[in-house]
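Here is the structure we will look at.
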């Protein structure tokens, strides 16, 4: 079974809110706010970069190399993409391997609901944080990911 790792992204915005702290399902892509699209594009960039580095590390150094990429390089990749795009971007999970990836309090309900479910069964979610929004989406694990996860 594929487990869901969660990517979270914060964006500073002035609109696109229901009431503070309310969790709302993200609308389909054609009608979603540009801030959500921006967050999803950043997540996609992180996933592409991470997947590329993981495949390279597996080919060169095996599982130990892939573990190092997830532990050492993934946070740097997220920070680089976040800085380039002017947002916060990171990964967390209900089963932490790295305490630096601990979920923020507003993410915990999403993690509890996603725990043990396949990524395909966990919807993308937008959370109103007052002066910004949080966008949460699972990272599907498969293939090489399952060597460790």
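Can you find a residue in segment 74-86 that is closer than 28 Å to residue 35 by Cα and not in a helix (DSSP H, G or I)? Checked segment 74-86: at least one residue is closer than 28 Å to residue 35 by Cα and not in a helix (DSSP H, G or I). Annotation for segment 55-73: no member residue is surrounded by fewer than 16 Cβ atoms within 10 Å (Cβ to Cβ), in contact (Cβ under 8 Å) with a residue 40 or more places away in the chain, assigned to a helix (DSSP H, G or I) and in contact with a strand residue (DSSP E or B) (Cβ under 8 Å, 6 or more places away or on another chain). Scanning segment 42-54 for residues that are in contact (Cβ under 8 Å) with a residue 24 or more places away in the chain and either touching a helix residue (DSSP H, G or I) at 6+ places or on another chain (Cβ under 9 Å) or surrounded by 18 or more Cβ atoms within 10 Å (Cβ to Cβ) (or both) returns 42, 43, 45, 46, 49, 50, 53, 54. If the condition is being in contact with a helix residue (DSSP H, G or I) (Cβ under 6 Å, 6 or more places away or on another chain) and either loosely packed, with under 13 Cβ neighbours inside 10 Å or under 16 Å from residue 51 (Cβ atoms) (or both), then segment 74-104 contributes 74, 77, 78, 81, 89, 91. Scanning segment 93-111 for residues that are at pLDDT 90 or above and either closer than 13 Å to residue 43 by Cβ or assigned to a loop (DSSP other than H, G, I, E, B) (or both) turns up 102, 103, 104, 105, 106, 107. Being in contact with a helix residue (DSSP H, G or I) (Cβ under 9 Å, 6 or more places away or on another chain) and either buried (at least 17 other Cβ atoms within 10 Å of the Cβ) or not in a helix (DSSP H, G or I) (or both) is a property that residue 138 has.
Taking the condition of being surrounded by fewer than 19 Cβ atoms within 10 Å (Cβ to Cβ) and in contact with a helix residue (DSSP H, G or I) (Cβ under 9 Å, 6 or more places away or on another chain), how many residues in segment 105-122 meet it? Residues meeting the conditions: 1. Residues considered: 116, 143. Of these, the only one that is touching a residue at least 40 places away in the same chain (Cβ under 8 Å) and out of contact with any strand residue (DSSP E or B) (no Cβ under 8 Å at 6 or more places or on another chain) is 116.
The values are calculated or read from the model by the stated rules, or taken from the named source; none is laboratory data. All values reported here derive from a predicted model rather than from experimental measurement. Glycine also receives a Cβ, built like all others from the backbone with ideal geometry; neighbour counts cover every protein chain displayed.
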